[in-house]
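Written out below as structure tokens is the structure these notes cover.
The values are calculated or read from the model by the stated rules, or taken from the named source; none is laboratory data. A quick note: this is a predicted structure, and the numbers were derived from the prediction, not measured. Quick reminder, even Gly has a Cβ in these numbers, built from the backbone with ideal geometry, and neighbours come from all protein chains shown.
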Amino acid sequence: MPRDSNDLLHGTLDLLVLKTLSWGPMHGYGITKWIEQATKGELEILDSALYKALHRLEDAGAIDTEWGLSDNNRRAKYYSLTARGRQLLRAETATWRRFVAAVSGIVEPA
Amino acid sequence: MSPPSAASSSRRDDLMRDLSSKLPRRVRRLFRLPLTRDRMLRDADEETAFHLAMRISEFQAAGMSEEEALAEALRRFGDRNEFQAHARGRAGRLTRRLTALRWLEECGQDVRLALRQFLHAPAFGSVVVLTLAVCIGATTAMYGVVRHLLLSPLPYPDGNRIVSVEERTEGDGDFRWQISSELYRVWAARSHTLEDFAGYQWGIHAIGEPSAPGAAADSIPGTRVTPSFLKLLRIRPALGRSFLPEDSRTGAPGVLLLGDSIWRSRFGGSREVIGQTVKLDGSPRVIIGVLPPGLGNPLPDGEHGGQSVYLPLNIDSKGGVDAFARLRPGVTSSAASRELDAILHTLPDTGSLNGAHGAARTAQDRVAPDRRHGVEVVFAAAAGLLLVACADVAGLLLIRGWTRRREFAIRQAIGAGRARLIRQLLAESLFLTIPAGALGVGVAWLGLRAVQAEGPPFIARTPLDNAALLWTLVSAVATALIFGVTPAILSWERSLEDALRNGGTRVGEGRAATRAHATLVIAQIALSLVFLATAAVLTRSFVALVREPIGYEPEGLYDVIVKPTSPMKQNVADAASVSIMRTLREALEKTPGLGEVAVGPLPLSATSPAPTAVEGLSGVRPSGLVATEWAGVNREYFRVARIALVRGRGFDADPALAAREIIINQSLARRLFPDRDPLGARLQMGEWLTVVGIAADTHMPGGVGPEFFRWQVYTSPGAMNENGGSLLVRTQSDSSELRRLVARAVERAGVGVKVHDVRQGTAMLEYAYRAPRFAMVIFDLFTVLAVALAAVGLFGIIAHLVARRTREIGIRVALGADPVALTKTIVGQSVRLVGLGCGLGLVAAYAAASTLAKVVPGVSGTEPVALIGSVMILIITAVSASVIPVRRALRVDPIDTLRIE
């Protein structure tokens, strides 16, 4: 079942995208595949939600776009992190860690 | 299988990838196409299509059928409609933001470019700014005058609806009479077109206690107003309360309102004054309020209000009153006048109503037509001057624009749109006109100061207010549009390639640009000729005004006013003062260096009681004969003043007989005795006096005004009153010498009087000369400016038009053309252009002069000499402007000319 409505996921989609792009410029489909593979299909994200996240980040200046050619020689839009995006990634990662720690403290008390 | 286009596209793609990888991202970004909404939407669609295609091939590779793969790809993607809506919203948002950003950035560019352009040629810029500053300043000042006098003269809310309520007869001119209290009450009660009737009476009152026994208390202006007065003006007191109807009832406790400036000067601006009691004319009155500053009476030049105290006026009492009211919404002043007139004619016809009609006049209605037209003409002149300056600057910019053709062509070639270029031109022009406007405010301020010092009194109080500043801003922007952008559009380069390839050296300007130049030349010449004609006409009519016979000779005539050194007892004063004046006259006449002396005031400065009766005219006061100039003079007076006695004789040598004689002027003789001989007739002025002579009329230069201003009577001098007595002296000495001689002679005569004042005869006429002289000086100034501007502009444009043909001239000479004939041809072309301008200008000048003659009295005809002279100036300018560049072109070796690139 698609979990677009999952608040936790929705809030952290930006973080996933930023983290993915930190490996290098990618087109939208590539990002989708990468997240699917990295999470072993555990997080099934609606593709349109991912694109909305990309747009959101682009408008915020965190990522930059450029038309290029895909591996099979088709025109595709490539996304890459800007300096601002890298900053955002660091900040979001730190926030995520604190959040996970806090939730773990409740769910799995040591 | 792959078509040729695919091959080429793949080569292009290789190139692209190559470029993308080699160039730094910042550089790559420079070459991006601008984002538009459509492009963003297309991008989003293409991206989605790519994504779905990738998904489908992924699922097919995993073993799904084509249909299954498509269905699964769509499911994974989610709601496509919803996504498209999202993309549309985002595209709209982004493009709006980008547009705003780009606009701001371009504005910054415009300012930087304009600044660079200005710094590139600071002298050019400064000259343009100064020229425009003078012209914008002139229009601002004149707009102030027009607004103050004609558009909104009364500084009260909705002030243009306040009218004076008058009973007028033919020949009243711009004179305004009070109306009787009875008529006021009738009109106020019965009018449906007017509301808020209010009246006032102006007077002088004694305030406070005398500073010493026997001395007089301070006198101040005091205005009695009906309680409705402040409601009429729509203002409230700044402090305290206004008058109430009961304040004006007889027997009500005495109350008082203070004007703003007397409150500040005499009462220290204290808020405590409310409730205090002051003595006015000896009786106590309580101060109930203070009026706001700037309050005058509803006459446009009534500004004494601030100095005044205000007392309640009871309109039930007898006597005259200055009456005002407000037009009800939608009612015109002429409709109100008709109603007042109709009401007036329902009243029982009393003698005083003979020939009178009711009138309601707004402040604009009360401006005399010659003044109105005068102001309008000068305003039009200032606007015309600004136009000449615009044409001038436009010409200069056109020439500069030609040299900048290449720059503009390059800008256009690399993608600047026309709108963008026009914006840049506008910015450059505003860079000149906004500083010019700022300086223009200073010029206007100086101009209005000059108006105050030298101008006619009816416009002396023109303020430089916000409306005038707004006018300056509007004219600065309008000017920039007119001279900066219009010529650019007129001469717009049709072919980009030409401009780029030839860099502006080889090809002439387009036909449009040449036409623009020619139009400017013609317009400037025509406008400056109109100025010249007008100035010449005004100057000539002013000279005529100064030379106009006015019934006496003011040059060298002085009026010596003497006053008793100590108060004379009333009973001896009458007899004594007559003999004192006689003794003084003889003493002065014997003084060497003084010349001729008579008893009497300067002509036109006399007081005005009227004959109370005329014998044979049934003993009643002649109807309408209300204000006659009266002067007490002796027999030498007419000789000294050079007033001709057209009939009869002067006063008898025997003072006792002369005291029963009267001399009247021609106008009064015609008025009183249209059908019989005035000589020997008798008039009553206190006692019965016999007419023995008829004197020529004396009048102010250009003497327009109500008929009764021209009626004059002369009798023997009466008793010296508190104003002292007057001696008329005609002398060759200058005025300081005269003062010294007179003072010594009067002292030596030892008759108990001293010199109070010496007035110059010509000073009296100053008032009459002010307005026409001011108009003349303004026009002369404007004309000098206009002709100078036209000559400079003409020179610049013609020199440019010829210089542009340097190459053509070179070719012609190389092909064997005769240099002299060539020069003649080119000069001839310039002269033809100027001739066309002069022809149009002369027609316009003639029209302007004849219009002026119609609206301004005392102005007539045109001035052919001045016009021909200025046509000559302009043609000489044109010839020299073309000869100089032609000779320069002829000196250049033809081979060089051909080589110039």
How many residues does the stretch A:67-110 contain that are under 15 Å from the mean Cα position of the chain (by Cα) and assigned to a loop (DSSP other than H, G, I, E, B)? 1
Only one of B:183, B:101 is more than 30 Å from residue B:356 (Cα to Cα) and not assigned by TED's automatic domain parsing to the domain that holds residue B:448; which? B:101
Of the candidates B:801, B:794, B:822, B:789, the one satisfying the condition of being of a type outside the set (Lys, Arg), buried (at least 21 other Cβ atoms within 10 Å of the Cβ) and either more than 30 Å from the chain's Cα centre (by Cα) or not in a helix (DSSP H, G or I) (or both) is B:801
Among the candidates B:439, B:432, which residue alone is buried (at least 19 other Cβ atoms within 10 Å of the Cβ) and in contact (Cβ under 8 Å) with a residue 12 or more places away in the chain? B:432
Scan the stretch B:554-563 and tell me whether some residue there is assigned to a loop (DSSP other than H, G, I, E, B), at pLDDT 75 or above and buried (at least 17 other Cβ atoms within 10 Å of the Cβ). yes
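Return yes or no: is residue B:50 surrounded by 12 or more Cβ atoms within 10 Å (Cβ to Cβ), farther than 19 Å from residue A:44 by Cα and more than 57 Å from the chain's Cα centre (by Cα)?
Working: surrounded by 12 or more Cβ atoms within 10 Å (Cβ to Cβ): yes; farther than 19 Å from residue A:44 by Cα: yes; more than 57 Å from the chain's Cα centre (by Cα): yes.
Yes, satisfied.
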List the pairs whose first member sits in the stretch B:94-105 and is within 13 Å of chain A (Cβ to nearest Cβ), whose second member is assigned to a helix (DSSP H, G or I) and surrounded by 12 or more Cβ atoms within 10 Å (Cβ to Cβ), and whose Cβ atoms are under 8 Å apart, counting only residues at least 6 apart or on separate chains? B:94/A:59; B:94/B:40; B:95/B:37; B:95/B:40
Of (1) part of a helix (DSSP H, G or I); (2) out of contact with any Phe, Trp or Tyr (no Cβ under 9 Å at 6 or more places or on another chain), residue B:428 satisfies every one except (2)
When every residue in the stretch B:108-120 that is in contact (Cβ under 8 Å) with a residue 40 or more places away in the chain and not polar (S, T, N, Q) is compared, the one nearest to residue B:416 (Cα to Cα) is B:110
Is it true that some residue in the stretch B:535-550 is farther than 19 Å from residue B:771 by Cα and touching a residue at least 24 places away in the same chain (Cβ under 8 Å)? no
Cβ pairs under 7 Å, 6+ apart, first in the stretch B:374-389 and assigned by TED's automatic domain parsing to the domain that holds residue B:533, second surrounded by fewer than 24 Cβ atoms within 10 Å (Cβ to Cβ): none
Could you grab me the full set of residues in the stretch A:67-103 that are among the small types (Gly, Ala, Ser), more than 18 Å from residue B:48 (Cβ to Cβ) and within 10 Å of chain B (Cβ to nearest Cβ)? A:80
I need the full set of residues from the stretch B:221-255 which are more than 23 Å from residue B:155 (Cβ to Cβ) and either under 35 Å from the mean Cα position of the chain (by Cα) or assigned to a strand (DSSP E or B) (or both), in order please. B:255
Within the stretch B:128-155, count every residue that is farther than 17 Å from residue B:364 by Cα and among the small types (Gly, Ala, Ser). 4
Has the stretch B:607-619 got any residue that is touching an Asp or Glu at 6+ places or on another chain (Cβ under 9 Å), at pLDDT 75 or above and not in a loop (DSSP other than H, G, I, E, B)? no
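A quick yes/no check of all residues on (1) closer than 18 Å to residue B:76 by Cβ; (2) modelled with pLDDT under 90; (3) out of contact with any strand residue (DSSP E or B) (no Cβ under 6 Å at 6 or more places or on another chain):
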| residue | (1), (2), (3) |
| --- | --- |
| A:19 | no, no, yes |
| A:29 | yes, no, yes |
| A:36 | yes, yes, yes |
| A:41 | yes, yes, yes |
| A:63 | no, no, no |
| A:72 | no, yes, yes |
| A:92 | no, yes, yes |
| A:106 | no, yes, yes |
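Quick check: anything in the stretch B:702-710 in contact with a helix residue (DSSP H, G or I) (Cβ under 8 Å, 6 or more places away or on another chain), surrounded by fewer than 19 Cβ atoms within 10 Å (Cβ to Cβ), at pLDDT below 80 and not acidic (Asp, Glu)?
If we filter the stretch B:702-710 for residues that are in contact with a helix residue (DSSP H, G or I) (Cβ under 8 Å, 6 or more places away or on another chain), which is where we start, we get B:702-704, B:707, B:710.
Imposing the further condition that a residue be surrounded by fewer than 19 Cβ atoms within 10 Å (Cβ to Cβ) reduces the set to B:703-704, B:707.
From the residues that got through so far, the ones that are at pLDDT below 80 too are B:703-704, B:707.
Of the ones still in play, those that are also not acidic (Asp, Glu) are B:703-704.
Yes; the residues of the stretch B:702-710 include at least one that is in contact with a helix residue (DSSP H, G or I) (Cβ under 8 Å, 6 or more places away or on another chain), surrounded by fewer than 19 Cβ atoms within 10 Å (Cβ to Cβ), at pLDDT below 80 and not acidic (Asp, Glu).
Output the residue which, of all residues in the stretch A:41-66 that are small (Gly, Ala, Ser) and either within 12 Å of the chain's Cα centre (by Cα) or not in a helix (DSSP H, G or I) (or both), is farthest from the other protein chains (Cβ to nearest Cβ). Break it down into steps so the answer makes sense when it comes.
As a first pass, look at the stretch A:41-66 and keep what is small (Gly, Ala, Ser): A:41, A:48-49, A:53, A:60-62.
Now narrow it down to the ones that are either within 12 Å of the chain's Cα centre (by Cα) or not in a helix (DSSP H, G or I) (or both): A:41, A:49, A:53, A:60-62.
On the way: A:41: 12, A:49: 7, A:53: 11, A:60: 12, A:61: 12, A:62: 15 Å.
So, considering only residues that are small (Gly, Ala, Ser) and either within 12 Å of the chain's Cα centre (by Cα) or not in a helix (DSSP H, G or I) (or both), the one farthest from the other protein chains (Cβ to nearest Cβ) is A:62.
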